[in-house]
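Enquirer: There's a structure below that I have some questions on.
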């Protein structure tokens, strides 16, 4: 089925919404908003529209990060903005067809490895990750927490989250000591093939300015900016 840009935006945002709920997001009474009390500390509307309370803030949400769509579709991403990107994939792709030695280094982590995974992810993104929030994903059938290992050391991280026929990729980060080796690209190739294995027809993500060129080379389409700011 041919998907329009609006279809891709809708599926991308729906995946992000479901993923944040899986990390502990809850509806705010009578405000049609959702909030997370721990990392990643977001406040958002299900459709991510820029309501007044999101764009102007509210004292009760102090310290939280509001997330809403930027009406300027061609706006350049900055530190406070992410670019929604999606790729339509062929479900006949398999890991075997993309066989590479590096894929053997990518594994789903076990609960007893979460502390090391969080430490690597924090170093890769330069901000703190809430371990307890992430741990909730072990109990969600739609989520997988992935690690790229070299000599049993976690050097890169990723989370995949399935919603309908979309596989969202989140927290794809590489430890600074291992950058420049193509690890992030190989991780994404693995996740694209994994999405096809699950029967997904789209892979979605929200990219920083620095990450966009790599994702574009992998065939991801720029959609619209997601603005993020402190409430």
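Enquirer: Would you point out which residue out of 184, 156, 147, 135 is assigned to a helix (DSSP H, G or I) and within 15 Å of the chain's Cα centre (by Cα)?
Expert: Values: 156 fails: assigned to a helix (DSSP H, G or I); 147 fails: assigned to a helix (DSSP H, G or I); 135 fails: within 15 Å of the chain's Cα centre (by Cα).
Answer to the check: 184.
Enquirer: Residue 102: modelled with pLDDT of 95 or more, in contact with a helix residue (DSSP H, G or I) (Cβ under 8 Å, 6 or more places away or on another chain) and farther than 14 Å from residue 20 by Cα, yes or no?
Expert: On the way: modelled with pLDDT of 95 or more: no; in contact with a helix residue (DSSP H, G or I) (Cβ under 8 Å, 6 or more places away or on another chain): yes; farther than 14 Å from residue 20 by Cα: yes.
Considered against the rule, which asks whether it is modelled with pLDDT of 95 or more, in contact with a helix residue (DSSP H, G or I) (Cβ under 8 Å, 6 or more places away or on another chain) and farther than 14 Å from residue 20 by Cα, residue 102 comes out as no.
Enquirer: Report yes if residue 109 is assigned by TED's automatic domain parsing to the domain that holds residue 201, surrounded by 13 or more Cβ atoms within 10 Å (Cβ to Cβ), at pLDDT 95 or above and closer than 23 Å to residue 14 by Cβ, otherwise no.
Expert: no
Enquirer: Quick check: is even one residue across the range 142-152 more than 22 Å from residue 203 (Cβ to Cβ) and without any contact (Cβ under 8 Å) to a residue 40 or more places away in the chain?
Expert: Keep residues of the range 142-152 that are more than 22 Å from residue 203 (Cβ to Cβ), which gives 149-152.
This time we only want the ones that are without any contact (Cβ under 8 Å) to a residue 40 or more places away in the chain, so: 151-152.
Yes; the residues of the range 142-152 include at least one that is more than 22 Å from residue 203 (Cβ to Cβ) and without any contact (Cβ under 8 Å) to a residue 40 or more places away in the chain.
Enquirer: Residue check, residue 48 against (1) within 15 Å of residue 159 (Cβ to Cβ); (2) touching a strand residue (DSSP E or B) at 6+ places or on another chain (Cβ under 6 Å), all met but one. Which one?
Expert: (1)
Enquirer: What residue, of 226, 191, is outside any strand (DSSP E or B) and surrounded by 20 or more Cβ atoms within 10 Å (Cβ to Cβ)? First the steps, then the outcome.
Expert: Working: 226 fails: outside any strand (DSSP E or B).
Going through 226, 191 in turn, the sole match is 191.
Enquirer: Which of the residues that make up the range 15-34 are within 17 Å of the chain's Cα centre (by Cα) and either without any contact (Cβ under 8 Å) to a residue 60 or more places away in the chain or not in a loop (DSSP other than H, G, I, E, B) (or both)? Working first, answer last.
Expert: Here is the first cut: in the range 15-34, the residues within 17 Å of the chain's Cα centre (by Cα) are 15-25.
Within the range 15-34, 15, 16, 17, 18, 19, 20, 21, 22, 25 qualify.
Every residue, every condition in (1) touching a residue at least 12 places away in the same chain (Cβ under 8 Å); (2) more than 17 Å from the chain's Cα centre (by Cα); (3) under 22 Å from residue 120 (Cα atoms), yes or no:
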residue: 197; (1), (2), (3): yes, yes, no
residue: 203; (1), (2), (3): yes, no, no
residue: 209; (1), (2), (3): yes, no, yes
residue: 215; (1), (2), (3): yes, no, yes
residue: 221; (1), (2), (3): yes, no, no
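Enquirer: Within the range 202-223, how many residues are surrounded by 19 or more Cβ atoms within 10 Å (Cβ to Cβ) and modelled with pLDDT of 95 or more?
Expert: Taking the range 202-223 as the starting set, the residues that turn out to be surrounded by 19 or more Cβ atoms within 10 Å (Cβ to Cβ) are 202-207, 211, 215, 220, 223.
Now drop any that are not modelled with pLDDT of 95 or more, which leaves 202-207, 215, 220, 223.
Residues meeting the conditions: 9.
The values are calculated or read from the model by the stated rules, or taken from the named source; none is laboratory data. Remember, predicted model here, so these are calculated numbers, not experimental data. Cβ sites come from the backbone with ideal geometry, for glycine too, and all protein chains shown count toward neighbours.
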